[in-house]
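Enquirer: Below you'll find the structure I mean.
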Amino acid sequence: MASSPNLAILLVLLSILCTLSEAKEFLVGGDVAAWALPPSATSRPLSRWAEANRFQVGDSLVWKYDGKEDSVLQVTREDYLLCNTTNPLAEHRDGSTSVTLSKSGPYYFISGAEGACQKGEKLIVVAMSRRHRHAAAASPAPSPVEAEGPAVAPASGGDVPLVAPLGRGLAAASLGVAVFLGLFL
Ligand SMILES: *[C@@H]1O[C@H](CO)[C@@H](O)[C@H](O)[C@H]1NC(C)=O
């Protein structure tokens with residue numbers, strides 16, 4: 001009997017760990033030297049890297065760069081397109097920057113180094129809601145009927161239809177844990 005509460009706590013911790021471990025950490029560009037001027041104006045290594053990956057809410061992006069020479073600015077779509085560095089949403093210049101994708105939708109990053117964004121040192125990442133992970137893999141064109149909750153303002157670059165309800169997965173996970181514990185206690 002005495003060990004039951006401990007077992008319960010252990011199970012809860014384990015289930016939390018399992019949930020957390022789903023979150024991935026992406027080294028931007030797949031290389032410590034990737035946040036840099038692209039080799040040519042037409043090559044878009046950062047865009048190609050972003051297109052080759054699937055980002056989900058809870059994942060994080062990590063940049064490695066020389067904080068004395070460069071920086072990472074999170075900006076609006078408009079400032080991304082114009083390479084406008086004057087009023088970023090967030091500015092990082094610590095040389096080792098981590099940004100968690102806390103909600104679904106597009107994220108826009110540009111370099112704060114003089115002229116670098118114009119030469120292609122910029123990145124768009126679209127974070128997908130975790131709830132749609134399986135559905136999205138099964139059906140390439142999710143129907144708009146699936147969309148509930150606040151849709152992300154459609155950037156006219158229109159990447160992916162996205163919805164943002166975060167609570168649901170967590171609620172489902174907690175219920176699962178409760179049922180599981182119910183069976184054992
Ligand atoms: C850049 O953004 C600032 C503030 O957001 C604005 O005042 C300025 O006009 C913009 N510059 C360009 C070139 O769009």
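The values are calculated or read from the model by the stated rules, or taken from the named source; none is laboratory data. This structure is a prediction, so every number in the text was calculated from the model and none was measured. With ideal geometry, Cβ positions are generated from the backbone for all residues, glycine too; neighbour counts draw on all protein chains shown.
Enquirer: For the range 85-119, enumerate the residues that are outside any strand (DSSP E or B) and under 14 Å from the mean Cα position of the chain (by Cα).
Expert: Leu101, Ser102, Lys103, Ser104
Enquirer: Let me ask something additional. What is the number of the single condition among (1) out of contact with any Leu (no Cβ under 8 Å at 6 or more places or on another chain); (2) small (Gly, Ala, Ser); (3) surrounded by fewer than 13 Cβ atoms within 10 Å (Cβ to Cβ) that Ala90 does not meet?
Expert: (1)
Enquirer: Ok, one more. Restrict the check to the range 71-88 and report whether at least one residue is more than 14 Å from the ligand (Cβ to nearest atom) and in contact (Cβ under 8 Å) with a residue 40 or more places away in the chain.
Expert: Within the range 71-88 (the criterion being more than 14 Å from the ligand (Cβ to nearest atom) and in contact (Cβ under 8 Å) with a residue 40 or more places away in the chain), the answer is yes, since at least one residue qualifies.
Enquirer: When you go through Trp49, Trp63, Trp35 one by one, which is the residue that is surrounded by 14 or more Cβ atoms within 10 Å (Cβ to Cβ) and in a strand (DSSP E or B)?
Expert: Being surrounded by 14 or more Cβ atoms within 10 Å (Cβ to Cβ) and in a strand (DSSP E or B) holds for just one of Trp49, Trp63, Trp35, which is Trp63.
Enquirer: OK, next. From Leu37, Leu123, Leu61, which residue is touching a residue at least 60 places away in the same chain (Cβ under 8 Å), more than 16 Å from the ligand (Cβ to nearest atom), aliphatic (A, V, I, L, M) and more than 14 Å from Phe26 (Cβ to Cβ)?
Expert: Leu37
Enquirer: Still on this structure: Can we say Arg131 is more than 16 Å from the ligand (Cβ to nearest atom) and modelled with pLDDT of 95 or more?
Expert: Values: more than 16 Å from the ligand (Cβ to nearest atom): yes; modelled with pLDDT of 95 or more: no.
No, not satisfied.
Enquirer: Can you say whether Pro38 is farther than 23 Å from Ala127 by Cα, touching a helix residue (DSSP H, G or I) at 6+ places or on another chain (Cβ under 7 Å) and not hydroxyl-bearing (Ser, Thr, Tyr), as far as the supplied structure shows?
Expert: When the stated conditions are applied, Pro38 passes them.
Enquirer: Can you name the residue in the range 89-120 that is of a type in the set (D, E, K, R) and more than 21 Å from Gly58 (Cα to Cα) and is also nearest to the ligand (Cβ to nearest atom) among such residues?
Expert: That would be Glu114.
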